[in-house]
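Here is the structure we will look at.
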Amino acid sequence: MFKYLINLILFVLPFVLYLLLEIYIDPFDILRNETRPALVLLKKHISYKMNNQLYKLQKFSIDPSEAIILGDSRAARLSSEYYSSLSGLKTANMAYGGGSLLEIIDTFWYIAKYDSLKQVVIALNLGLYNQEKNINRVPEAIEIKNSLISYVTSTYCIKSTALIGWSLLSSSKIQLNRPNLNRDEFWEYQLNVTANNDYRNYVYPKNMARELKAISNFCIDRDIDLVFLIPPTHVDLQAKIQYYNLIQEEIAFKNDLAYLGDVYDFDYPNSITENSLNYVDPYHFNDSIARNIIHELVTSDSGFARVTHFKRTDSAKIN
Amino acid sequence: MQFSSIEFSIFLPIIFILYWFVTNKNIKIQNALLLVASYIFYGWWDWRFLSLIIFSSLIDYNIGLALSRYDEQWKRKLLLQLSIAVNLGLLGFFKYFNFFAESFADAFSLFGKSLDISSLNIILPVGISFYTFQTLSYTIDIYQRKLAPTNDIISFFAFVSFFPQLVAGPIERARNLLPQFNNRRTFSYEAAVDGLRQILWGLFKKLVIADNCANYVNNIFSNSSSYSGSTLLIGGVLFAFQIYGDFSGYSDIAIGTSRLFGFNLMKNFSFPYFSRDIGEFWRRWHISLSTWFRDYLYIPLGGSMVGMVKKIRNIFIIFILSGFWHGANWTFIIWGILNAIYFLPLFLLKRNRRHTNTVAEGRLLPSIKELIQIITTFSLTTFAWIFFRSDSVSEALKYLGGIFNSTLFTIPILDFKLLSVGAHIIYLIIFLFLFVMIEWIQRDNEHALSSLEIYIPKILRWTIYYGIVVIIFWFRGNQQEFIYFQF
């Protein structure tokens, strides 16, 4: 038994040393707020890409903001700095790549605890407003954030530590998730596979709609501006809604939002959505369109968006 | 509690230390510790599930004792029937109620009548199919006078709930496992080291092979109409690796963990994808279930000692029930029927036991003939797995229709460029290749990392272990629940 335990301890020793390195680097700033400039940059580059939920939630809890942007990868393209410069509100972009409505809801309630909010922008399309789209990585991120053991044993912390460590040692820039296909290929993939995943088994999200109603009520009670943004998708993708016979569902979706907060709807055939040059792929607009969207949201200077202003009396209409 | 979770990595060393350093003087206390540990392990999913396993254990413990008290055959038979009714009743209710209710309503709709049978929102208790069969083996063995009942309630309850194999097997026979609870266990350095190696290999199979394959399999199966025939074919092959890595990985961890506590569980997988025919495959795949059906159903039905028609009936009964055991879906039943159809010609021609030795025994490479046999068996198995993986029979047929068309002969470079993030697919191909090679080289052994100390010096062995650990941490796929937990 003694020999066994000694061998076991010797075997585990390198992992204990690695654990100490994880604690030293602390890639997601869970243990302390990073002040070393080189590490700040590396963490932004590496840890953020490893797990944007964990990275963003931790950043927010260290330094809460007055305005937040919630949504998926489309909303993630909206610059919080630009939003902040126009609105004068300290802004955090809390949208995640591949996000879902469940993640939006959980992130909102997590952030609401900080009592700092004045404005909330929730970016949603029909594809997200779907009971079947039920991925939710936020509880995992919160669990990792709250437990040191979960943190140091998480794959995100292990990998980020190694990449940051390697980057420091070798002074080389680490490339993560480089795209390995051209624009046309990816365009087709998004239309055929991703859209299929979004719309094939569409189910009206009854429970999530109720959660959004609770968020709306919460915002009304605390005088927080709640704005719904329907990001512009390319007309090729808009056509998929008809293809999957979901026109009525889309109307219901937009009606629901109108009973919850102000709605800025960019997702209809217009000169933005008809021009593929405005897009990286049918889902994702480019940076210049992102700036236009922010401008319209903040200044209420309606250019492309169809705006529906919310009246408090409307809120009673959704159950 | 999942084997691959942080909770388990804390739980296991604590129980190990308490087992060997605190309770080692008294076997009864050791068994009590294992029972408490097993209930904590099981209750971690949902503590309400514990009531079922306690109820099932209590029934079979008492029936076992009662069986030994009576000599009258009718009384003994009645007790056995009670045990079977209770255990299968629980299993039937929790696992199959909705299936039968819906199938019944569907059957009515064929005649233009609608029948409104509301399905219940029943949560399937984890591992119920495994421990139900395990406790049944106890009462059946006592009834058949192959085993004496135990008077030790703690050791019996610990036998039913033994945490390493509780939720996904191997389905142990009372004759093998129960006596081990009654005998003093001694720590064996070699067994414990080998146990750790087996756990390591099981984790590699589950986290690297199965979970990484799952990334592709989930996408391909849920979007089958978007992909070429060749991609769908690869999706089927990847699922074959996924389910093997997942299930046999679990068994490896279970067996390895048991060895840390001085227990020996039965082998559940014996390199099944190197089988030369379906008969051999079924002697190597999920051995604890197929031998359970053989011992407790096939042989009592007359096995092969009956007329031709009954022989065929028995084969179909075994395979269909084996499919149905996996879940309440027609896909599993068709999977069972397909395997029966594969097996039947070998059986009728009395060629099902041709290959009882290891393939290419004493040689590094298989012969061309053996290679063709292996590939053919693997292809047949993969074909059946498509039904097993699909959500419905129509989905499976659509998937198969997608494979067998002109796009089968396209090279699916674009599909996999789209499915893969970065060079992920390249890593997966490398790992699959290494995995098959290591399993091939070790196919004569208990598991793929056993007996390494005979051929490899310590420093190289440790390098291999570290390499596997690093691969597990670095390349593990998105965590998926063990597939067999749902059964």
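Quick notes on this one:
- Looking across the stretch A:136-153, just one residue is open to solvent by less than 30 Å² (accessible area, probe 1.4 Å) and at the interface with another protein chain (Cβ under 9 Å from one of its Cβ atoms), and that is A:SER150.
- Residue count for the stretch A:233-242 satisfying the condition of being open to solvent by 60 Å² or more (accessible area, probe 1.4 Å) and free of Cβ contacts under 8 Å to residues at least 40 places away in the same chain: 1.
- Failed item in (1) surrounded by 14 or more Cβ atoms within 10 Å (Cβ to Cβ); (2) within 14 Å of chain A (Cβ to nearest Cβ); (3) polar (S, T, N, Q), with B:THR382 passing the rest: (2)
- Selection within the stretch B:18-32 - open to solvent by 30 Å² or more (accessible area, probe 1.4 Å) and either under 23 Å from B:SER251 (Cα atoms) or basic (Lys, Arg) (or both): B:LYS25, B:LYS28
- Any chance A:LYS49 is basic (Lys, Arg), open to solvent by 20 Å² or more (accessible area, probe 1.4 Å) and farther than 18 Å from A:SER150 by Cα: yes
- Identity of the residue in the stretch B:256-270, open to solvent by less than 20 Å² (accessible area, probe 1.4 Å) and assigned to a helix (DSSP H, G or I), that ends up nearest to B:ALA192 (Cα to Cα): B:LEU260
- Some residue of the stretch B:305-325 being within 30 Å of B:PHE11 (Cβ to Cβ) and at pLDDT below 95: yes
- Of all residues making up the stretch A:20-49, the number that are at pLDDT 90 or above and within 12 Å of chain B (Cβ to nearest Cβ): 1
- Filtered by the rule that a residue be part of a helix (DSSP H, G or I) and at the interface with another protein chain (Cβ under 10 Å from one of its Cβ atoms), the stretch A:154-172 gives A:THR155, A:ILE158, A:LYS159, A:ALA162.
- With respect to the stated conditions, B:PHE239 fails to be at pLDDT 95 or above, away from every other protein chain (no Cβ under 13 Å) and closer than 16 Å to B:GLU439 by Cα.
- Selection of first residues in the stretch A:188-213 that are within 11 Å of chain B (Cβ to nearest Cβ) and of second residues that are open to solvent by 70 Å² or more (accessible area, probe 1.4 Å) and modelled with pLDDT of 90 or more, restricted to Cβ pairs under 9 Å at least 6 apart or on distinct chains, gives the following pairs, ordered by first then second residue: A:ALA195/A:TYR243.
- Set B:ILE459, B:ILE438, B:ILE454, B:ILE471: member being free of Cβ contacts under 8 Å to residues at least 12 places away in the same chain, surrounded by 13 or more Cβ atoms within 10 Å (Cβ to Cβ) and in a helix (DSSP H, G or I): B:ILE438
- Hits in the stretch B:136-190 (condition: among the hydrophobic types (A, V, I, L, M, F, W, C) and within 14 Å of chain A (Cβ to nearest Cβ)): B:PHE187
- Residue that is modelled with pLDDT of 90 or more, crowded, with 18+ Cβ neighbours inside 10 Å and in contact with a Pro (Cβ under 8 Å, 6 or more places away or on another chain), where the choices are A:ASP262, A:ASP281, A:ASP256, A:ASP267: A:ASP267
- Residues that are part of a helix (DSSP H, G or I), at pLDDT 95 or above and aromatic (Phe, Trp, Tyr) are absent from the stretch B:182-194 altogether.
- Scanning the stretch B:110-135 for residues that are at pLDDT below 70 and assigned to a helix (DSSP H, G or I) yields one hit, B:LEU110.
- All positions within the stretch B:233-252 that are within 16 Å of B:ILE171 (Cβ to Cβ) and either open to solvent by less than 10 Å² (accessible area, probe 1.4 Å) or outside the structural domain of B:PHE435 (by TED's automatic domain parsing) (or both): B:PHE247, B:SER248, B:TYR250, B:SER251
- Meets criteria (open to solvent by less than 20 Å² (accessible area, probe 1.4 Å), modelled with pLDDT under 95 and more than 26 Å from B:GLN2 (Cβ to Cβ)) for B:ALA174: yes
- Set B:THR376, B:THR407: member being assigned to a helix (DSSP H, G or I), surrounded by fewer than 18 Cβ atoms within 10 Å (Cβ to Cβ), at pLDDT below 95 and not assigned by TED's automatic domain parsing to the domain that holds B:GLU102: B:THR407
- Elements of the type helices (runs of 4 or more DSSP H) sitting completely within the stretch A:63-115 and holding at least 1 residues that are in contact (Cβ under 8 Å) with a residue 60 or more places away in the chain and under 24 Å from A:MET208 (Cα atoms): these cover A:73-76, A:101-112.
- Note on the stretch B:12-103: enclosed helices (runs of 4 or more DSSP H) holding 1 or more residues that are modelled with pLDDT under 90 are B:49-69, B:73-91.
- Taken together, A:TYR199, A:TYR129, A:TYR156 contain a single residue that is at pLDDT below 90 and of a type in the set (Ser, Thr, Tyr), which is A:TYR199.
- Residue within the stretch B:207-217 that is open to solvent by 30 Å² or more (accessible area, probe 1.4 Å) and free of Cβ contacts under 8 Å to residues at least 12 places away in the same chain present: no
The values are calculated or read from the model by the stated rules, or taken from the named source; none is laboratory data. What you see is a predicted model; the values in this text were computed from it and never measured. With ideal geometry, Cβ positions are generated from the backbone for all residues, glycine too; neighbour counts draw on all protein chains shown. All accessible areas refer to the heavy atoms of the entire protein, side chains included, with ligands and DNA or RNA removed. Shrake-Rupley method; radii C 1.70, N 1.55, O 1.52, S 1.80 Å.
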